[in-house]
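Heads up, the thing below is written out as structure tokens.
The values are calculated or read from the model by the stated rules, or taken from the named source; none is laboratory data. Since this is a predicted model, take the numbers as computed values, not measurements. Glycine also receives a Cβ, built like all others from the backbone with ideal geometry; neighbour counts cover every protein chain displayed. Side chains are part of the model used for accessible areas, which takes the heavy atoms of the whole protein and leaves out ligands, DNA and RNA. Shrake-Rupley method; radii C 1.70, N 1.55, O 1.52, S 1.80 Å.
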Amino acid sequence: MREDYQAVWDRCLRLIKKQVSAQSYKTWFEPIVPKKLANSTLTIQVPSQFFYEWLEEHYLMLLRQVIDQELGPQGKLEYSIIVDKGNSPQNPMTVQLPGQHHTAKHQKSEERPLQNPFALKSLQDTQVISVLNPHYTFDNFIEGDYNRLAKSAAQAVAKKPGGTSFNPLMIYGGIGLGKTHVIQALGNELKRNFPDKFILYVSSEQFTAQFIEALRNNSIQDFSHFYLQADLLMIDDVQFLAGKEKTQEIFFHIFNHLHQAGKQIVMTSDCPPRELKGLQERLLSRFKWGLTADLQQPDLETRTAIIHSKMAADGMQLPDELAQYVAYSVDTNIRELEGVLISLIAHASLNKQEISLSLAQQVLKNIVQDIAVEVNLDYIQKAVASHYHVSLEQLKSKSRKRELVTARQVGMYLAKRHTNHSLKSIGQYFGGRDHSTVIYALQTVNDLLDIDQPFRSSFEDLQQKIKFSRNHSRKA
Ligand code: ADP
Ligand code: MG
């Protein structure tokens, strides 16, 4: 019955041809080879897993319809997939499909195939912008515990794009923590190592805008062709693809092709992949193939080192104590830290004065508005006292008992963090201590937070209470 399946498939093809563009037909249907027909099940062979997924995603309804027409409602379709080029094509893996009987009304509008996905019109400029900022390098990307994995993975990729298990490389973290910096450094380094490689860097917003433009101009073919040439494709802030189904589809397609061809893909996101809402599951599952590295909050030492490095780049020096003070005060992210430094420099040069502690205090007051004004020292002391089951008197006393010292140090730390009081005034308030005692307390608490897990969780509870009161009083 050899002709049977060939004949059935030929008739299917004739129906399909009427319904899709010539280009789509050529791309997605001509490569299919019919293999077998048994028990109303037609088996077709497709060149890859990706190909199969594309068919399912875009042409399921159409295939269902032609199978219905040729084999009746009992008809089923089965795919036989040739595993990736490199592997033995002689042993195709067969995927059994249940052959669910979808009907047109079940089809949600978003699932409808792209119209003429690769219709080729005139060759338009794809207007792809791919600019790497040469100032983002590994050299000036200060390393700390919080970013070590991300940095070393990026360095490894720059040496061997597509040749490590970090493909794709996904870097996530909150804003201003260095995602763009580290991947651009990767790009710059790779360019130095391999001048001939084609590097593409885009934000996911640019990518989306280009895609929409290509849709409008009927130049999707050129659009994907352009991206498929990349040796290194970097998509910054993929979270913005959320909910953009069509853009995700084309990205999925580009992703698969590049990955199969051993090309390197690098992405960033502001949250871990599993929390990327509005991204299709199949896309998320791809992200997990490689390495996901996160950027946490930088610790105090790293922030201080970053301050020194930025100032040095501007030909300036800050006394260590001052750098530490700024580092203590700005613990949100590095972009904010840079903002503070720029203001500091500006103020100092405008007023023709040295950068001093009082100048820093003044600048920080204007900039870091988030360092609350609503929480006062009284409130913090009460919260600390009740959290550690000590009295206010004890907290302010001269006693050096272990529990008291800890509570006092935590109180000073929280005061520094959540109020605008100077080190000196905090010291005064905690039993007339001097400013170096407060610095020592900040350092101690910071160290404990790093190494002592029970201490940290107790501290976080306490801080939560204080923050709550702050938000609360803000709304009021
Ligand atoms: P994100 O992309 O995560 O929002 P960026 O990469 O834009 O953050 O970083 C914000 C700013 O902080 C940039 O100017 C960057 O150069 C700087 N920066 C971030 N991390 C570091 C670091 N580890 N060392 C030096 N500068 C950094
Ligand atoms: Mg960024």
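Along the Cα→Cβ direction, 7 angstrom out, place labels at R216 and K160. What is the inter-label distance in nm?
4.4 nm
Report, in debye and to the nearest 20, how large the dipole of segment 192-248 comes out about its Cα centre when Lys and Arg carry +1 and Asp and Glu carry -1 on their Cβ.
The calculation lands at about 60 debye.
Between Q353 and R274, what is the label-point separation in nm under the 7 Å Cα-to-beta-carbon projection?
5.2 nm
At a Förster distance of 35 Å, what's the computed FRET efficiency of D450 paired with F198, Cβ-Cβ distance as r, to 0.05?
The pair D450/F198 has a calculated efficiency of 0.25.
If the limit is 28 Å between Cα atoms, which of K246/K288; K159/K179; K26/K191 go over it?
K26/K191
Can you compute the charge dipole magnitude of segment 134-205 about its Cα centre, using +1 on each Lys and Arg Cβ and -1 on each Asp and Glu Cβ, nothing else charged? Give it in debye, rounded to the nearest 20.
Dipole of segment 134-205, to the nearest 20 debye: 180 debye.
Would any residue of segment 45-80 have its amide N under 13 Å from a label point 7 Å out along Cα→Cβ of R14? List them or say none.
Residues 70 fall inside that zone.
How much accessible area per residue does segment 235-320 have, counting only protein heavy atoms and a probe of 1.4 Å, in square angstrom? Can you show the working numbers first?
Values: 3470 Å² over 86 residues.
For segment 235-320, the per-residue accessible area is 40 Å².
At a Förster distance of 30 Å, what's the computed FRET efficiency of E30 paired with A209, Cβ-Cβ distance as r, to 0.05?
0.40
When the Cα centres of segment 21-54 and segment 168-195 are compared, how far apart do they sit, in Å?
If you average the Cα positions of each part, the centres end up 39 Å apart.
Express the carbon and sulfur contribution to the solvent-accessible surface of segment 247-377 as a percent, rounded to the nearest whole number, probe 1.4 angstrom.
C and S fraction of accessible area: 50 percent.
Let me test this: with uniform point scatterers at the alpha carbons of segment 136-254, what is the Debye-based log₁₀ I(q)/I(0) at q = 0.18, 0.22 1/Å?
After summing over all Cα pairs, the log10 values are -0.98, -1.29.
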